[in-house]
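Read the structure below first, then the notes.
The values are calculated or read from the model by the stated rules, or taken from the named source; none is laboratory data. All values reported here derive from a predicted model rather than from experimental measurement. Positions of Cβ are generated from backbone atoms using ideal geometry, with glycine treated the same way; all protein chains shown enter the neighbour counts.
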Amino acid sequence: MIDLQAAIAVLVALLVGLAVGKAWERYKLSDGRWIDRRRARESPHYMLGLNFLVADQIDPAIEELTKAAQSAGDSLEIHLILGNLYREKGQVGRAIQEHQALLQRANLRKLEHANVLLCLGLDYKRGGFVDRALEAFSEVLRLDPGNEYALMNLEKLYEEQHQWSEAHATRQKLEAGALDADKPRHQRILAFLEDALGLQAAAANDPAAAERRFTAAIDLQPTIAPAHLHLGDVRFRQGDVTGAIAAWERLVRNSPDRAYLAFPRLEAAYRRAGDTVKFPALCRQLIEENPQDWRARLALASHTAAGGSAAEAIEILFESLVINPHALAVHQAIWEMLSTLELPKPLVQRYVELTRRSVFYVDPHICVRCRYRSTELLWQCPNCHEWDSFVEERIAPAKDADALA
Ligand SMILES: [Zn+2]
């Protein structure tokens, strides 16, 4: 349903764009074609069609718009919309047919040509014809170099093909054409693309290039977690433990809510560097800064237990459990600790009390753009392809039972 609404938003945007363009041309054109357009708008079928569209009723919308097209001498814009509706219904072949027929028309002006190609590109993309979609969007850009829709769709296609340099170059064009207020959004995405390029360089055994890419990503977006992690990984693999620790500590500083991603790496690196106090100190500092930090507690508890203090560790785990009762990792750690302590009855009893009213469910990460759910934290949504759109949903038992009544 979200997809459909997004599609309709795109359609309405397209309609508005076309309407503005055509209104301007109405006075400019003398070949009389505008009369057809006006006739189209005057048709009751046109308005009815739009009403159905707004009400999410695609089939009656298609029916009315088809009638409107017939009564208006086959207006280009109505056929454009009809094609898009077929695509949204999943009838990609029909959509391609509809849009391809428009390309055969004589006297297509440059922008009309670009609009038709853009819709055709979306058809190809939807149908999985990647090469043809790439070709169509590139052609749109030849006709209309700044076309934002074409650039955005090209970038997504390149991303899907893991053609990161091309995706990066395309996003740079979007950023160059953007208003100052929108630049940070583009830079955030450029940072993720730099990170992807860095991973590619690392896989190709070029740690220097990888390091440059990860650093560029961090410069663009100082809070970007994967680039910090990967930068540390590249350094660690080259034996630069101090450099790796510096990269991971910077993640903890810049993005404390994602600090936990660096915990296992930091714990191992500190140990390798012969330091036994830094890791628990780091966890305690994070807990002090954010009392809700259940992951720092979990890490601190594991570290404490590994140091031989299971009784102390379980107290920390109980705190963690109260903050986030649906975290399986916490339950697992608690049971491990309880069994190490040979199941002391009072502790088991406390565990039962604490969990009694907890709500359990899986896939706590949710895409804020399309509501896609995932068990793990993802940097790019597999559903809507947005970057960095996942947040963690947490359900804790209500503080006051009466609040639920
Ligand atoms: Zn999404």
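Observations
- Applying the condition of being within 18 Å of residue 223 (Cα to Cα) and aromatic (Phe, Trp, Tyr) to region 364-388 and asking which residue is nearest to the ligand (Cβ to nearest atom) yields 387.
- Unique match (being of a type in the set (Gly, Ala, Ser), buried (at least 16 other Cβ atoms within 10 Å of the Cβ) and closer than 23 Å to residue 179 by Cα) among 150, 169, 136: 150
- Region 162-175 residues that are among the charged types (D, E, K, R), paired with ones that are in a loop (DSSP other than H, G, I, E, B) and surrounded by fewer than 17 Cβ atoms within 10 Å (Cβ to Cβ) (beta carbon under 9 Å, 6 or more apart): 173/145; 173/146
- Some residue of region 332-346 being within 34 Å of the chain's Cα centre (by Cα), small (Gly, Ala, Ser), more than 16 Å from the ligand (Cβ to nearest atom) and not in a helix (DSSP H, G or I): no
- Yes/no for residue 305 being in a helix (DSSP H, G or I) and at pLDDT below 95: yes
- Among the conditions (1) in contact (Cβ under 8 Å) with a residue 24 or more places away in the chain; (2) touching an Asp or Glu at 6+ places or on another chain (Cβ under 6 Å), residue 295 misses just one, which is (2).
- The condition of being more than 21 Å from residue 207 (Cα to Cα), of a type in the set (D, E, K, R) and free of Cβ contacts under 8 Å to residues at least 40 places away in the same chain holds for only one of 250, 284, 235, that being 284.
- Of the residues 267, 288, the single one that is at pLDDT 95 or above, surrounded by fewer than 21 Cβ atoms within 10 Å (Cβ to Cβ) and either among the aliphatic types (A, V, I, L, M) or under 19 Å from residue 247 (Cβ atoms) (or both) is 267.
- Where helices (runs of 4 or more DSSP H) fall entirely within region 110-173, those with at least 3 residues that are more than 23 Å from the chain's Cα centre (by Cα) are at 110-127, 130-143.
- Answer residue from region 202-257, given it is in a helix (DSSP H, G or I) and of a type in the set (Asp, Glu) and is modelled with the lowest pLDDT among those: 257
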